[in-house]
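See structure below.
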Amino acid sequence: MNFWGARFGSIAGAVGLCFLIDFVARAPHNDSIVSLVARAGLFVTLAVSLNLINGITGQFSIGHAAFYMMGAYTTAVLASSYHKVANLPGPLWLLVMMIAGAISAGLAGLLVGLPSLKLRGDYLAIVTMGFGEILVIIAQNQKALGEAYGLNVAPTYKYVWLIWMLAVVTIAISRNLLKNVHGLTFLSVREDEIAAAAMGVDVTRTKVTAFVIGSALAGAAGALYAHFESFISPITFKMDTSFVILTMVVLGGTGSITGSVIAAIALFYIPEWMRDVDNVKMGMVLAIGIATIISVALIKRTIDHFHGEARARYLRIVGFVVVGIVFAAVLGPVFSNMPSLAVPVEGSKLRYVVFALTLIILMLLRPQGIFASNEFSIAWLKGLFSRKREAVVGA
Amino acid sequence: MHEYLPLMAGLEISTLPQQLVNGILLGTIYALIALGYTMVYGVLKLINFAHGEVFMLGAYATLFMSWWLGYTPQSVMQESNALNLVLMLLASMVFCALVGVIIERFAYRPIRNQPRISALITAIGLSLFIQYGGQIFLLNGVQQSVDQRVNPFQGDYSFDLRKADAALLKQAEELKPKLDSTKAAFEAQLKNEPNGRFNLSPEGERLQKEMDSARRDYDTAVNEGKAAQINVSLSKGKLIMLITTIVIMGALTYLVMFTSRGRAMRAVSHDFNASSLMGINVDKIITFTFILGSALAGAGAMMYVTFQPGTKIDPFLGLAPGIKAFTAAVLGGIGNIPGAVLGGLLMGVAENMVVWLGYDNYKNAVAFVILIIVLLFRPGGLLGSAKVEKV
């Protein structure tokens, strides 16, 4: 009884949370806030579904936007011809569209995954990227798909709760997969393919399964995106989007669902906020860049070569971060006053620079991501603040 | 079947040789870039995603050097000489080599002992960083291109593979007097027309029809005569490009095959650990490889933007050539130096064939299609071993 109680309780809680998010997003009566909350939900779905492929199964896909695109375009085309015929109520129609998007993206995932999963990591990465680019080029050149302009999607349903429910379902699928015996095969493939195969795991099948599930979830997200924005264009699904999703997964910690969710939300909002920043001087950008390089170099040195007490080590790292901030604060105004560096820089152009730097710095300082493969839980929090932590980190 | 026929109708066999030549010329550039990918892969087993961006920076080095030499869009300088081109080539190669060394030292070396995925992510990050950083510091809102006055070798060499049909042209010449006479008659009539050109009298209409039919006959004969001609033209600049590339590749072959450093490089590529046990300074060799590969990309970039008039330089210039060169490297067998050259030439030809078939818009997709096909059916590439590394 207790088991079922907890289970229904958590499901009810999750559904309640989705409606709460919807309610909060709509409370200020501001369309842009609703859109921000909704798109953040979509990115959570995308990041967690990519995490299933990249983090949990260890396959390196960098073309996740392609599956998102499959879902969006499939449902856009279906909606234009069948929405009036079907005459379904909004949520039901969206459910059907999500399933359609998921099926088409899942098939695309199968198409890419089945032959290419025999390839090693970096080749697989290239193939997934190539697949995404081919899709974009095809969409840009087909009359039926609206060419470079894009497609209008007939019914518009702005259901924030449904978008977040998809995110919750994605998280639940990933989490439950890790908790039961089927998930172990995924983890074993990530850890060591040969050993997994020796233990009787069908490696290719496991990889393809992960690929299909991950891409189907992205396709469902694409369906919701198309119906939320009521307009889709090939530019939205270019390589850049794939890299953004990849950065979310890598930053959060490959394999950590919590990490993916938090990184997705953070990496979605920070650039959105930067879009409005328009009066940063080029000198300031340069100063921050130099300061970042210096403090990253010092921290990297500490991590590699400092073998003193743990506390001293943390103090040093924090100290170097402070040094970087002070450096930027001093140099920034100096540089900004130089006439050649006083040109303002658009915040929107800075976004991808920040993403790229995040990736590089992360790989230098903490390649396993912020959360590594930990999940958020009470036990983990306790461990974080207890004295045993060193042992855990050392292990 | 017949719905595909309109697609084929646009094909002109007479332009095929020209497209093949263009393809080979473009292919030499791809080959130069592909060599960088393949050599770095050989020693580090790492796909250097930032290589296309090194190429892009080389294009900027060329541009700035040409400006420094006085060939800005506003300048009025007219004459140039070959020395300017050599200076631009050197500037681009040296700058790219420097960038390659910096990338290796500060991005790839610190993570060399970590899983390969980390290196791959770093490479992607670097590539994005250079592109978008370049958008902030290099673009200034306009796409630049190298001023063509810097190239003293203007003009084309033209070769006729098949002459125009002399009989038809002669027939056309015979038709010319008739066209002239009917035209003169019509012009004369036009002067006497009471209602002007657009409201002719019956006599005027008759003369106009005669003139039109004479013109039609003449045009048909001329066009058919000329259609038989197959011509290949080659600009002097592109010829220089071809020769330079061959010289550079010869120098590379010498360096890799006949010097001790080249031997060390091949040893590192063959077995990283064993070669370090044999007293080879692996770090130095890797740096050397990056210098070589990046300098080749720099040379390619200089020729790409100088000898192809009107090539726009922007921070995303390296993306498409980078992907195609990478495909070329994989096609030839990654880690295999002759393979990279072969792959580059094939990629150039393939791209121009797609253009020739009339699918200009798909010319960037062809690289990915070839790449996927190669990876699926012959992951080792054309000249590489069929062995695929496990895990």
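The values are calculated or read from the model by the stated rules, or taken from the named source; none is laboratory data. Everything numeric here is computed off the predicted structure, so don't read it as measured data. Ideal geometry is used to build each Cβ from the backbone, glycine not excepted, and the neighbour counts take in all protein chains shown. Note: accessible area is taken over every heavy atom of the protein model, side chains too, but ligands, DNA and RNA are not part of it. Shrake-Rupley method; radii C 1.70, N 1.55, O 1.52, S 1.80 Å.
Tabulated values for the structure
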read-out: Some residue of region A:71-91 being closer than 22 Å to A:LYS207 by Cα and at pLDDT 90 or above; value: yes
read-out: Condition check for A:VAL24: closer than 27 Å to A:ARG275 by Cβ, in contact with a helix residue (DSSP H, G or I) (Cβ under 9 Å, 6 or more places away or on another chain) and among the aliphatic types (A, V, I, L, M); value: yes
read-out: Scan of region A:8-36 for residues that are of a type in the set (Val, Ile, Thr), under 19 Å from A:TYR269 (Cβ atoms) and surrounded by 14 or more Cβ atoms within 10 Å (Cβ to Cβ), ordered by number; value: A:ILE21, A:ILE33, A:VAL34
read-out: Hits in region A:37-65 (condition: assigned to a helix (DSSP H, G or I) and open to solvent by 10 Å² or more (accessible area, probe 1.4 Å)); value: A:VAL37, A:ARG39, A:PHE43, A:ASN54
read-out: Residues located in region A:175-221, provided they are modelled with pLDDT of 90 or more and farther than 18 Å from A:ALA125 by Cα; value: A:ALA216, A:LEU217, A:GLY219, A:ALA220, A:ALA221
read-out: Selection count, region A:171-197, where residues are open to solvent by 100 Å² or more (accessible area, probe 1.4 Å) and touching a residue at least 24 places away in the same chain (Cβ under 8 Å); value: 2
read-out: Index of the failed condition, B:PHE290 passing every other in (1) open to solvent by 10 Å² or more (accessible area, probe 1.4 Å); (2) away from every other protein chain (no Cβ under 14 Å); value: (1)
read-out: Test for B:ILE47: is it part of a helix (DSSP H, G or I) and either within 27 Å of B:ALA267 (Cα to Cα) or within 11 Å of chain A (Cβ to nearest Cβ) (or both); value: no
read-out: Filter result (under 13 Å from the mean Cα position of the chain (by Cα), of a type in the set (S, T, N, Q) and surrounded by 24 or more Cβ atoms within 10 Å (Cβ to Cβ)) within region B:293-336; value: B:THR306
read-out: Those residues of region B:170-206 which are assigned to a helix (DSSP H, G or I) and among the polar types (S, T, N, Q), in sequence order; value: B:GLN171, B:SER181, B:THR182, B:GLN189, B:ASN192
read-out: Residue list for region A:314-353, filter: of a type outside the set (A, V, I, L, M), within 17 Å of A:ILE290 (Cα to Cα) and more than 14 Å from chain B (Cβ to nearest Cβ); value: A:GLY319, A:PHE320, A:GLY324, A:PHE327, A:GLY332, A:PRO333, A:SER336, A:ASN337
read-out: Conditions (1) among the aliphatic types (A, V, I, L, M); (2) exposed (fewer than 13 other Cβ atoms within 10 Å of the Cβ); (3) more than 17 Å from A:VAL285 (Cβ to Cβ); (4) at pLDDT below 80; number of the one not met by A:MET338; value: (3)
read-out: Residue list for region A:21-36, restricted to those being part of a helix (DSSP H, G or I) and not hydrophobic (A, V, I, L, M, F, W, C); value: A:ASP22, A:ARG26, A:ASP31, A:SER32, A:SER35
read-out: Extreme residue, surrounded by the fewest Cβ atoms within 10 Å (Cβ to Cβ), among residues of region A:359-382 that are more than 14 Å from chain B (Cβ to nearest Cβ) and assigned to a helix (DSSP H, G or I); value: A:ILE378
read-out: Pairs with Cβ under 7 Å, 6+ apart, first in region A:238-251 and more than 25 Å from A:GLN140 (Cβ to Cβ) and facing chain B (nearest Cβ under 10 Å), second open to solvent by less than 10 Å² (accessible area, probe 1.4 Å) and assigned to a loop (DSSP other than H, G, I, E, B); value: A:VAL250/A:GLY369
read-out: Any hit, region A:108-123, residues being assigned to a helix (DSSP H, G or I), open to solvent by 40 Å² or more (accessible area, probe 1.4 Å) and within 22 Å of B:ILE323 (Cβ to Cβ); value: yes
read-out: Count of region B:71-124 residues which are open to solvent by less than 30 Å² (accessible area, probe 1.4 Å) and farther than 27 Å from B:MET303 by Cα; value: 8
read-out: Those residues of region B:131-159 which are part of a helix (DSSP H, G or I), more than 8 Å from chain A (Cβ to nearest Cβ) and under 23 Å from A:PHE243 (Cβ atoms), in sequence order; value: B:GLY134
read-out: Looking only at region A:107-158, and only at residues there that are among the hydroxyl-bearing types (Ser, Thr, Tyr), farther than 20 Å from B:PHE368 by Cα and out of contact with any Gly (no Cβ under 9 Å at 6 or more places or on another chain), the one that is farthest from the other protein chains (Cβ to nearest Cβ); value: A:THR156
read-out: Leading residue by the ranking (nearest to B:GLN308 (Cα to Cα)) among those in region B:219-238 that are hydrophobic (A, V, I, L, M, F, W, C) and open to solvent by less than 60 Å² (accessible area, probe 1.4 Å); value: B:LEU234
read-out: Residue match in region B:106-125 (condition: touching a residue at least 40 places away in the same chain (Cβ under 8 Å) and more than 14 Å from every other protein chain (Cβ to nearest Cβ)); value: no
read-out: Segments classed as helices (runs of 4 or more DSSP H), wholly inside region B:207-277, with at least 2 members that are under 31 Å from the mean Cα position of the chain (by Cα) and of a type outside the set (Asp, Glu); value: B:236-258, B:260-270
read-out: Hey, A:ALA356 within 14 Å of chain B (Cβ to nearest Cβ), under 26 Å from the mean Cα position of the chain (by Cα) and small (Gly, Ala, Ser) or not; value: yes
read-out: Total residues in region B:50-82, condition hydroxyl-bearing (Ser, Thr, Tyr), in a helix (DSSP H, G or I) and more than 18 Å from B:TYR132 (Cβ to Cβ); value: 2
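Conditions tested, residue by residue: (1) of a type in the set (A, V, I, L, M); (2) open to solvent by less than 20 Å² (accessible area, probe 1.4 Å); (3) in a helix (DSSP H, G or I).
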site	(1), (2), (3)
A:PHE67	no, yes, yes
A:GLY71	no, yes, yes
A:PRO91	no, no, yes
A:ALA102	yes, no, yes
